[in-house]
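Below is one structure, written out as structure tokens; comments come after it.
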Amino acid sequence: MKNFNYSDENIYDRDILIAIPSMVIAVATLFLPRELASVTIALDGILALLIGGSITILITWMIVKLASRFPQQSFLTYTSLLINKPIAVLLTCFFIWYGILVVSYEVRAIATISHLYLFDKTPIEVIALNFLLVVVYAVSGSRSAIFRLNALFFPIIILIAMFVTILSFRFVVIDNIYPILQTDVKGYIEATKKSVISLSGYGQIGFLLFYISLIRNPVKTPGKAVFGMSSVIGINLLIYTMCITVFGNLATSNLMFPTIELARTVEFPGGFFNRFESLFFVVWTIAIFTTSVIAFDAAVMGLQSLLPKVNKLKFVFFLSPCIYFLSSLPKHSPEVGDAGRLIGTYGLTLTVTVTIILWIIYIVRK
Amino acid sequence: MKAGDIMKRRSETTRSTAQKQSNKQESAKQEFPIEIESSLDKNIESIKQMLGDPQDLVIRELTVGANNIKGAMVYISGLIDKELVNNNILKTIQMNLKHFDTDPLDNICQEVIAITDINKVTTLDKVSYAILSGSTAFYLEGYTTVLVMGAAGGESRSIEEPPSEALLRGPREGFVEKIDTNMALVRRDIRDPNLRFKTYEVGRRSKQKVVVCYVDGIVDPALVEEINRRLKSIDTDYAMDSGQIEQWIEDSFLSPFPQMNDTERPDRVSTSLLAGKVAILVEGTPFAIVAPTTIADALSSMEDYNHRWLTGTIIRFLRYLSAFIAMFLPSLYIALVSYHPEMLPTHLVFSIAASREGVPFPSVVEALAMAITFELLHEAGVRLPKLIGSTIGIVGGLVIGEAAVSAGVVSPIMVIITALTAIASFTTPQYSVALAFRTIRFVFMIAAAVFGLYGIILVYIMVNIHLVNLKSFGVPYSVPFGPVFFKDWKDMVIRAPIMMLTRRPAYMKTNDEKSKDKDVHSS
């Protein structure tokens, strides 16, 4: 009968595989090459990306493994089981706050970038509001539908990323990869830190602590999650390498959004489109959208676990104005960037700390 | 006692509305348990009175056997097969001149009448229902039982090629209005003893037969259960087409997308049944409905399976492309011309600008006007009688093609776009899906007018949100793309070689996963 259970909120293992790239790939991917290029020499960022990627995979695995030890239990339930109820509530609140911050940031970021690349006359507020409304529409639907949505959009994101990479092969300058391994240790550490923040989607993988509870039988889930995370690292590696080899380290570190600029160099075969970057960014909107939806939904999910009796829609309609307000706080794009860094640090610290603490308590209690 | 009654009523009021309705219907049936009387004249009088003594009600009185018992045959002239009634009922009774030693009615029923479908009924409403559905009733003096003989006939359409889903290669048979013929057409395709036909009665006054059709052992029993539950909730006087049944039992009435396939083709029904789906045949319409359906079904045609896989796949891709054009092309034109002209190649921008010179409207107005004109022409072409229909083509071609351009109202490039969109929207094999695409196209155009490409992508995201939230009988509409069923992609994204299509769709959760005969599956 599970076919017809309309409140069926269960998801499959492979949904997590797709959900990880969906929530991690977003605005950060657009400027990660700049962040890496600014602290490393030539193509050395690859090393940092690989180290950072391994760390991120480890974190992801820890999160999923931990959460899958408590199948079909919400974050609140198993945290109160491991520690106690008040701290569990506090941690849930941290994650809710984090979810709200992430949505606000993404909404604001998309408005800023659209303003930059698509239309310069339309007010940022209007662009942001429209985007937020679509996010609200998605969140008010069923939760498993969000995962189906990710599955629909994931191939599009991969395709457009591949497309940009393949078409920019023509412009590769091999000399740009030299000198090899000349960065000092400090640079590597800095770059690794930045790549972990970016690859973990500003710490968004922490939301997996919430979502694993939707899987009925999460036995294979950690493996799938690692696989999903690897695909993110693969995409970032590709984009970073292309950016450096096409633009060179110096240019990359000075470009606002190197990935979009990479799309700008691309010439669409057949001459149908000029300015491919507009199209690229429009499609990338989908990636930013899935990220925002998952963050929003995670916040709603946290609230639902705190107040199980309240209707989900009430949370959505309560949170949306708050998010809109928060998204309008930064005055200009450098402030948006600062806000992003703050949120990233907060999110990653929260995720890593909570995971490690819970693991320690779990091992001790066992 | 009174308290007990009240309790009873209370418990009744707390029941769900669906239950109430079914109770109501049952009680309505039991309201007239008028028994057949033993006097023939009184019986005939009462059936006349019940039907209002219509002109086409034939009452043929006769005497039976050597005993000379009075009897009467009652039927409605247009609904019966005259030859059958004359030869196999009337003649046989008249020719039979023996003395009935035992019960004459039993004797007639078992030995005399040469018709297989024969029943005994005892109440007036059953007799009238039988007469109204084309049976012949046989009364005998002194009996409170009536023989009801199924000899329905009358005029009906012969089996023709389905006009709404023509194929170049494939069977040319289509369903007709008679449900028995339709059931036979399906039976001819699937000679499986597990093929099941479950009959329901729909329509308070029309009392139509609705037949739910599935293959036991393949289908998920829960699906049959659910369809059963929904069919029982139908409360209408008369359903003139399966489209009305569809609207009664669909999941979301707000969606522009059809949540069931409608088809005139028995082969489509048969392949769907073997894929674990359920078909619903409705009396009086050649359109069967197949549930559940997904967005991928909407773009596949039966013909894909009849050609070799490579051509089948390419044609399928062509259809995906045309669906894309049908939905996006006018809105892309609006967005590119009015918001992002820099995205087009320079010489194309110049030629567009040159062709738009003198056009007094912005591109949105131009595009909307042309799109609406086209829809008008299309609608007029459907409504007009076939003979005049061709004039619409000429008028439309002139209006859209020549006059509008030379009058400087629209640009030639807009004409190309409108024509391309129109052609593309007709490649969708399912008309109901093509309608949905046409509707959504206008939303895209308005979004493009307001926000350019950004608006298009936002609406595209919204359509996707709608699709993932939509379900057709519990199956997500976006299957097999989301949730991902990679195994099903070989028959959705591409049309893999027929030897590889040995499994029934995974999302259907069929009981019997592998189609043993390696037959084509999934519609």
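The values are calculated or read from the model by the stated rules, or taken from the named source; none is laboratory data. Here the structure is a predicted model, which is why all the values come from computation and not from measurement. Positions of Cβ are generated from backbone atoms using ideal geometry, with glycine treated the same way; all protein chains shown enter the neighbour counts.
Please determine whether any residue of region B:337-359 is part of a loop (DSSP other than H, G, I, E, B), more than 30 Å from residue B:216 (Cα to Cα) and hydrophobic (A, V, I, L, M, F, W, C). Steps first, answer last, please.
Step one: of region B:337-359, the residues part of a loop (DSSP other than H, G, I, E, B) are B:339-340, B:344-345, B:357-359.
Within this subset, residues satisfying the condition of being more than 30 Å from residue B:216 (Cα to Cα) are B:339-340, B:344-345, B:357-359.
Keeping just the survivors that are hydrophobic (A, V, I, L, M, F, W, C) gives B:344, B:359.
Within region B:337-359, one or more residues are part of a loop (DSSP other than H, G, I, E, B), more than 30 Å from residue B:216 (Cα to Cα) and hydrophobic (A, V, I, L, M, F, W, C).
Residues are listed down the side, and each one gets a yes or a no for (1) farther than 22 Å from residue A:228 by Cβ; (2) touching a Cys at 6+ places or on another chain (Cβ under 9 Å):
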site: A:58; (1), (2): no, no
site: A:72; (1), (2): no, no
site: A:79; (1), (2): yes, no
site: A:82; (1), (2): yes, no
site: A:92; (1), (2): yes, no
site: A:100; (1), (2): yes, yes
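Annotation: of all residues in region B:506-516 being within 13 Å of another protein chain (Cβ to nearest Cβ) and part of a loop (DSSP other than H, G, I, E, B), the one that is surrounded by the fewest Cβ atoms within 10 Å (Cβ to Cβ) is B:511. For residue A:342, the criteria (1) surrounded by fewer than 22 Cβ atoms within 10 Å (Cβ to Cβ); (2) closer than 18 Å to residue A:132 by Cβ; (3) touching a helix residue (DSSP H, G or I) at 6+ places or on another chain (Cβ under 9 Å) hold in every case but one, which is (2).
Kindly establish whether residue B:174 is at pLDDT 90 or above, buried (at least 17 other Cβ atoms within 10 Å of the Cβ), under 34 Å from the mean Cα position of the chain (by Cα) and in a loop (DSSP other than H, G, I, E, B). Can you show your working first?
Numbers: at pLDDT 90 or above: yes; buried (at least 17 other Cβ atoms within 10 Å of the Cβ): yes; under 34 Å from the mean Cα position of the chain (by Cα): yes; in a loop (DSSP other than H, G, I, E, B): yes.
Yes.
Filtering region B:223-239 to residues that are within 14 Å of chain A (Cβ to nearest Cβ), surrounded by 16 or more Cβ atoms within 10 Å (Cβ to Cβ) and not charged (D, E, K, R) leaves B:223, B:224, B:227. Screening the candidates A:305, A:328, A:292 for the property of being small (Gly, Ala, Ser) and within 14 Å of chain B (Cβ to nearest Cβ) yields one hit, A:292.
Please work out which residue is surrounded by the fewest Cβ atoms within 10 Å (Cβ to Cβ), limiting yourself to region B:382-412 and to residues that are in contact (Cβ under 8 Å) with a residue 40 or more places away in the chain and closer than 20 Å to residue B:325 by Cβ. Please lay out each step first, then the result.
Step one: of region B:382-412, the residues in contact (Cβ under 8 Å) with a residue 40 or more places away in the chain are B:408-412.
Keeping just the survivors that are closer than 20 Å to residue B:325 by Cβ gives B:410-412.
Numbers: B:410: 26, B:411: 24, B:412: 17.
Out of the qualifying residues, it is B:412.
No other residue among A:330, A:308 is more than 23 Å from the chain's Cα centre (by Cα), surrounded by fewer than 21 Cβ atoms within 10 Å (Cβ to Cβ) and in a loop (DSSP other than H, G, I, E, B) apart from A:308.
Hey, can you tell me all the residues within region B:188-219 that are under 18 Å from the mean Cα position of the chain (by Cα), among the charged types (D, E, K, R) and not in a loop (DSSP other than H, G, I, E, B)?
If we filter region B:188-219 for residues that are under 18 Å from the mean Cα position of the chain (by Cα), which is where we start, we get B:197-203, B:206-214.
Imposing the further condition that a residue be among the charged types (D, E, K, R) reduces the set to B:198, B:201, B:207, B:209.
Answer for region B:188-219, where residues must be under 18 Å from the mean Cα position of the chain (by Cα), among the charged types (D, E, K, R) and not in a loop (DSSP other than H, G, I, E, B): B:198, B:201, B:209.
In region B:257-269, is there at least one residue being in contact with a helix residue (DSSP H, G or I) (Cβ under 7 Å, 6 or more places away or on another chain) and over 25 Å from residue B:206 (Cβ atoms)? The answer is yes, given that some residue of region B:257-269 is in contact with a helix residue (DSSP H, G or I) (Cβ under 7 Å, 6 or more places away or on another chain) and over 25 Å from residue B:206 (Cβ atoms).
Table: residues versus (1) among the charged types (D, E, K, R); (2) modelled with pLDDT of 85 or more; (3) under 29 Å from residue B:281 (Cα atoms).
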residue	(1), (2), (3)
B:113	no, no, no
B:118	no, yes, yes
B:122	no, yes, no
B:127	no, yes, yes
B:130	no, yes, yes
B:135	no, yes, yes
B:155	yes, no, yes
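Taking region B:64-99 as the range and being β-branched (Val, Ile, Thr) and without any contact (Cβ under 8 Å) to a residue 12 or more places away in the chain as the test, no residue passes.
Please state which one of B:275, B:369 is touching a His at 6+ places or on another chain (Cβ under 6 Å) and of a type in the set (Gly, Ala, Ser). Reasoning before the result, please.
Details: B:369 fails: touching a His at 6+ places or on another chain (Cβ under 6 Å).
Checking each option against the conditions leaves just B:275.
Just to be sure, is residue B:320 in contact (Cβ under 8 Å) with a residue 12 or more places away in the chain, surrounded by fewer than 18 Cβ atoms within 10 Å (Cβ to Cβ) and within 14 Å of another protein chain (Cβ to nearest Cβ)?
Working: in contact (Cβ under 8 Å) with a residue 12 or more places away in the chain: yes; surrounded by fewer than 18 Cβ atoms within 10 Å (Cβ to Cβ): yes; within 14 Å of another protein chain (Cβ to nearest Cβ): yes.
Yes.
When B:415, B:433, B:484 are checked against the criterion of being farther than 26 Å from residue A:277 by Cα, without any contact (Cβ under 8 Å) to a residue 12 or more places away in the chain and surrounded by 17 or more Cβ atoms within 10 Å (Cβ to Cβ), B:484 stands alone in meeting it. Could you check region B:409-498 for helices (runs of 4 or more DSSP H) lying wholly inside it with 1 or more residues that are at the interface with chain A (Cβ under 8 Å from one of its Cβ atoms)? Those helices (runs of 4 or more DSSP H) span B:431-469. Among the residues of region B:268-298, those that are surrounded by 24 or more Cβ atoms within 10 Å (Cβ to Cβ) and charged (D, E, K, R) comprise B:268, B:277, B:297.
Scanning region B:440-483 for residues that are hydroxyl-bearing (Ser, Thr, Tyr) and closer than 16 Å to residue A:147 by Cα returns B:477, B:478.
Look at region A:333-366 and say how many of its residues are of a type outside the set (A, V, I, L, M, F, W, C), in a helix (DSSP H, G or I) and farther than 20 Å from residue A:97 by Cα. Step through it out loud before you land on a result.
So the first thing to find is which residues in region A:333-366 are of a type outside the set (A, V, I, L, M, F, W, C), and the list is A:333-335, A:337-338, A:340-341, A:344-347, A:349, A:351, A:353, A:355, A:362, A:365-366.
Next, only the ones that are in a helix (DSSP H, G or I) stay: A:333-335, A:337-338, A:340-341, A:344-347, A:349, A:351, A:353, A:355, A:362, A:365.
Those still in the list that are farther than 20 Å from residue A:97 by Cα too: A:333-334, A:362, A:365.
Looking only at that region, the number is 4.
Residue count for region B:104-147 under the criterion of being touching a strand residue (DSSP E or B) at 6+ places or on another chain (Cβ under 8 Å) and over 16 Å from residue B:87 (Cα atoms): the result is 23.
With in a helix (DSSP H, G or I), touching a residue at least 24 places away in the same chain (Cβ under 8 Å) and over 20 Å from the mean Cα position of the chain (by Cα) as the only criterion, which of A:38, A:22 stands out? Give the derivation first.
Working: A:22 fails: over 20 Å from the mean Cα position of the chain (by Cα).
Exactly one residue qualifies, and that residue is A:38.
Out of B:21, B:94, B:25, one residue alone is at pLDDT below 85 and over 35 Å from the mean Cα position of the chain (by Cα). It is B:94.
Of a type in the set (A, V, I, L, M, F, W, C), surrounded by 16 or more Cβ atoms within 10 Å (Cβ to Cβ) and more than 21 Å from residue B:197 (Cβ to Cβ): is that true of residue B:253 in this structure? Against the criterion (of a type in the set (A, V, I, L, M, F, W, C), surrounded by 16 or more Cβ atoms within 10 Å (Cβ to Cβ) and more than 21 Å from residue B:197 (Cβ to Cβ)), residue B:253 does not qualify.
To keep it simple, each residue is scored yes or no on (1) touching a Lys or Arg at 6+ places or on another chain (Cβ under 8 Å); (2) assigned to a loop (DSSP other than H, G, I, E, B).
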{"site": "B:270", "(1), (2)": "no, no"}
{"site": "B:273", "(1), (2)": "no, no"}
{"site": "B:284", "(1), (2)": "no, yes"}
{"site": "B:296", "(1), (2)": "no, no"}
{"site": "B:305", "(1), (2)": "yes, no"}
{"site": "B:317", "(1), (2)": "no, no"}
{"site": "B:322", "(1), (2)": "no, no"}
{"site": "B:326", "(1), (2)": "yes, no"}
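Taken over region B:323-348, the criterion of being more than 47 Å from the chain's Cα centre (by Cα) and surrounded by 14 or more Cβ atoms within 10 Å (Cβ to Cβ) is satisfied by B:345 alone.
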